[in-house]
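Q: After the structure tokens below, expect a handful of questions from me.
The values are calculated or read from the model by the stated rules, or taken from the named source; none is laboratory data. What you see is a predicted model; the values in this text were computed from it and never measured. Note that each Cβ is placed from the backbone with ideal geometry, even for glycine, and that neighbours are counted across all protein chains shown. Quick note on the areas: whole protein, heavy atoms, side chains included, nothing else; ligands and nucleic acids left out. Shrake-Rupley method; radii C 1.70, N 1.55, O 1.52, S 1.80 Å.
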Amino acid sequence: ILEPGDELPDRPGKETPENADTAEFQLQVTVHQAEGVPRTNGNLANPYVSLLWANQHTQTRVADNTLSPQWNEELTMKVLVEQSVDAPPRSDMVLVRLREKKRVGIKEVAQGFVFLSDIQNKQWEQPCWLNFYGAARKYDDPFLKKPAKSDVASMMNEGKISGLAYRGRVLLSAT
């Protein structure tokens, strides 16, 4: 806790000037499988996983009629990273979304995050489980009197705000 007159402590890492040198980095994420995918209206799902970073998007194929999809697909996207090892990436967070293909359109099911700095530090070289979270649904939680309002639920499932209910997990590795 700082008191009046105290100096702010130094921030970890170094300041990154706006004109800092950047390098293009080929992010490779292998999406192995998922489990615990929620049912849709009591039916099996048609899930897929998508990655989003700085307006770049890539996704797996749709796995038809399953709650335990197996993909074993490698997804790639180009990201920019700072040349200095002390500087954080410009945008560290990769949004990982669990989505479902519907007859008409798509449905956001849940989301999770992977950090580029963790990938650069080799924390995702071996497959790791990433939990998905989204909005609680009345039929998932017997204590929930009514589900979240649809606009709040949509924001949770899209990753715009933190989800509060576990909605499955995905096995990923990344370099």
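Q: If we scan the range 9-25, do we find a residue that is at pLDDT 90 or above, outside any loop (DSSP other than H, G, I, E, B) and open to solvent by less than 50 Å² (accessible area, probe 1.4 Å)?
A: no
Q: Mind listing whichever residues of the range 69-96 are open to solvent by 20 Å² or more (accessible area, probe 1.4 Å) and at pLDDT 95 or above?
A: Scanning the range 69-96 gives Q70, N72, E73, E74, T76.
Q: Could you list, in sequence order, all residues of the range 119-134 that are open to solvent by less than 40 Å² (accessible area, probe 1.4 Å) and over 17 Å from S68 (Cα atoms)?
A: Across the range 119-134, the qualifying residues are I119, W124, G134.
Q: Which one of these does Q28 not meet: (1) at pLDDT 95 or above; (2) loosely packed, with under 10 Cβ neighbours inside 10 Å?
A: Result: Q28 fails condition (2) only.
Q: Report, by residue number, each residue of the range 41-61 that is of a type in the set (S, T, N, Q) and open to solvent by less than 10 Å² (accessible area, probe 1.4 Å).
A: Answer for the range 41-61, where residues must be of a type in the set (S, T, N, Q) and open to solvent by less than 10 Å² (accessible area, probe 1.4 Å): S50, T60.
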